[in-house]
Amino acid sequence: MLKVEGLSKEFKMHIRDGLIIEGFNEVSFTACSGKLLAITGASGIGKSTLLKCIYRTYKPSKGSVIYLSGDGSRYDLATAEDQTILRLRKTEMGYVSQFLHVIPRVSAIDILTNRLLSKNILPGEAKDTAEGYLEKVGINKALWNMYPSTFSGGEKQRLNILLALASKPRLLLLDEPTASLDSNSKEIILELILDAKKMGMTMIGVFHDQDAIKFLSDSRYDMRINQLVAVS
Amino acid sequence: MNTANPVLRVRDLIVRFGEGCNYCLQGAALEKGRCPYCHSVWALNKVSLDLYKGEILGIVGESGSGKSTLLRALYFDREITGGEAYISEYKDGEKNIFEISNQQKRYIRNQKMGMVYQNPIMGLRMNFSSGGNVAEKLIAAGIRNAGSMTERAKYLLNHVEVPINRIKEEPKNFSGGMQQRVQISKALANNPSILLLDEVTTGLDLSVQARVLDLIKRIQQELGISMIVVSHDLSVIRMMADRTVVMLEGRIIEEGLTDQILEDPIHEYTQILVHSLL
């Protein structure tokens, strides 16, 4: 579904006299439909940079990212027009980082409901579905009408994952979604990701711990050697 | 979003103060947007952009970069020196809106566009009632029925959270945030397809700023209006805009997805701008 070929990213830092910093170099892999591909390698090797290049938060310097869309069209995400990327982000591509970014002063339940509404779910149904989700991930009912900025780290991240999954993207990019979480929150999030995968979502993920990789991934790409390797 | 057919296309727009000379008219290098020989100032120097249906396009840049001049040129507040612009809802986007009669320009301004200025004094009549302000725009758009005008004014002012019982009051009695909300409702009165917003939250305190932005975002989602949001505040741009263009010395120097502009700026000036963010 997604084929990355010869992808490289370098940053030219004008504020340091045009210093070139290499993000990563010559990455090639294929992500298969309904599977989770884990990206591994030491800190600073460019794992997050790679995910951001696929999502086009970063502009790739070289190479291609061929994506097969739900309607059968093929796009090179590395060079596609901004309008195309915006449309794909809205309809089929998601990205989750370890930080929750939401509009200030909107309650958790409203944020989640609005996300569902943008997916053409009926208003009455959306609220019920949102409540179901929040209950499922064990967020205390007393918090549903609070702003997420008042949540604990674990609660914020559970909401973050819910928001990404609620819009049911075909391709989801996960950038350390379980970093710095307690084991209980982590377990809940890993289960959610596994459920989504069972429903056919394609995922590419960066995880800092080996357990998560073993539990979730179908294949592993090692950025030290730029090759697919065995999962464990 | 329709890639093939933007609601607004701007091509090579120029606003120049001064006659220009053989040097700068050839497109030679300027000093901070000013010709070193004839001292003409190029406030807009061949600006081109597309605005797509239902999107919010952000414009950032330092003061004097031409952001406001661009909006005012598009709203016919300011004479242009050269260039073209096309609106898909006017003559199927085939007629350059700078080459039409003043009457036709007024028609576009009254029927197709809305403008919200940084300073409410620019957009409101401070000694008319709030309802009267909204009605003024409705009358300009050709509506003559007093009953339906009152209804529309009530609906709009309610939408921007101005209490109905203050509809007869003059904006000069209102706080800055409330004046700004009256101005937004006035700009929306004619159901414009394009809304231009010039630093609308600059100078408002933080909580009011958030409410005005919430409101604009909600209106955009409900009504699907295409907007150009000018701001020097990058957090406003991050919250509002899908795409962003960066202006410097009358030119667009970089454009892209808002998150890309903020996280992976390519142009030297954009890098300085983004890294200046506290």
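Among the residues of segment B:198-218 satisfying the criterion of being away from chain A (no Cβ under 14 Å) and touching a strand residue (DSSP E or B) at 6+ places or on another chain (Cβ under 9 Å), which is nearest to B:Leu277 (Cα to Cα)?
My answer is B:Glu199.
Is it true that A:Ser33 is in a helix (DSSP H, G or I), touching a residue at least 12 places away in the same chain (Cβ under 8 Å) and of a type in the set (Gly, Ala, Ser)? Please lay out each step first, then the result.
Values: in a helix (DSSP H, G or I): no; touching a residue at least 12 places away in the same chain (Cβ under 8 Å): yes; of a type in the set (Gly, Ala, Ser): yes.
So A:Ser33 does not fit the description; no.
Whether any residue in segment A:10-28 is crowded, with 17+ Cβ neighbours inside 10 Å, in a strand (DSSP E or B) and in contact (Cβ under 8 Å) with a residue 40 or more places away in the chain is what I want to check.
Yes, there is a match, as at least one residue in segment A:10-28 is crowded, with 17+ Cβ neighbours inside 10 Å, in a strand (DSSP E or B) and in contact (Cβ under 8 Å) with a residue 40 or more places away in the chain.
In segment B:9-58, which residue that is within 14 Å of chain A (Cβ to nearest Cβ) and touching a helix residue (DSSP H, G or I) at 6+ places or on another chain (Cβ under 8 Å) is most open to solvent (accessible area, probe 1.4 Å)?
This residue is B:Arg9.
For segment A:171-200, which residues satisfy the criterion of being out of contact with any helix residue (DSSP H, G or I) (no Cβ under 8 Å at 6 or more places or on another chain) and part of a loop (DSSP other than H, G, I, E, B)?
Correct list: A:Ala179, A:Met199, A:Gly200.
Out of (1) closer than 21 Å to A:Lys156 by Cβ; (2) touching a Phe, Trp or Tyr at 6+ places or on another chain (Cβ under 9 Å), the odd one out for A:Ser97 is which?
Failing condition for A:Ser97: (2).
Could you check segment B:224-276 for strands (runs of 3 or more DSSP E) lying wholly inside it with 2 or more residues that are open to solvent by 40 Å² or more (accessible area, probe 1.4 Å), more than 8 Å from chain A (Cβ to nearest Cβ) and at pLDDT 95 or above?
Result: B:251-257.
Right, A:Ser33: over 21 Å from A:Ser97 (Cα atoms), within 14 Å of another protein chain (Cβ to nearest Cβ), open to solvent by 40 Å² or more (accessible area, probe 1.4 Å) and of a type in the set (S, T, N, Q) or not? Write out each step before concluding.
Values: over 21 Å from A:Ser97 (Cα atoms): yes; within 14 Å of another protein chain (Cβ to nearest Cβ): no; open to solvent by 40 Å² or more (accessible area, probe 1.4 Å): yes; of a type in the set (S, T, N, Q): yes.
Criteria not met by A:Ser33.
Inside segment B:1-120, counting only helices (runs of 4 or more DSSP H) that do not spill past its ends, which hold 2 or more residues that are farther than 21 Å from B:Thr244 by Cβ and touching a residue at least 12 places away in the same chain (Cβ under 8 Å)? It would help to see each step written out before you state the result.
Working: elements: B:22-25, B:67-74, B:102-111.
Output list reads B:22-25, B:102-111.
Which residue out of B:Ala153, B:Ala187, B:Ala141 is under 25 Å from B:Met227 (Cβ atoms), open to solvent by less than 70 Å² (accessible area, probe 1.4 Å), touching a Lys or Arg at 6+ places or on another chain (Cβ under 8 Å) and small (Gly, Ala, Ser)?
Criteria check complete, one pass: B:Ala187.
What strands (runs of 3 or more DSSP E) completely inside segment A:56-170 contain at least 3 residues that are open to solvent by less than 70 Å² (accessible area, probe 1.4 Å), touching a Gly at 6+ places or on another chain (Cβ under 9 Å) and within 14 Å of chain B (Cβ to nearest Cβ)?
none
The values are calculated or read from the model by the stated rules, or taken from the named source; none is laboratory data. Only a predicted model underlies this, so the values are computations on that prediction, with no experimental measurement involved. All Cβ positions, glycine included, derive from the backbone under ideal geometry; neighbour counts span all protein chains shown. We work out accessible area using only protein heavy atoms, side chains counted, and drop any ligands, DNA or RNA first. Shrake-Rupley method; radii C 1.70, N 1.55, O 1.52, S 1.80 Å.
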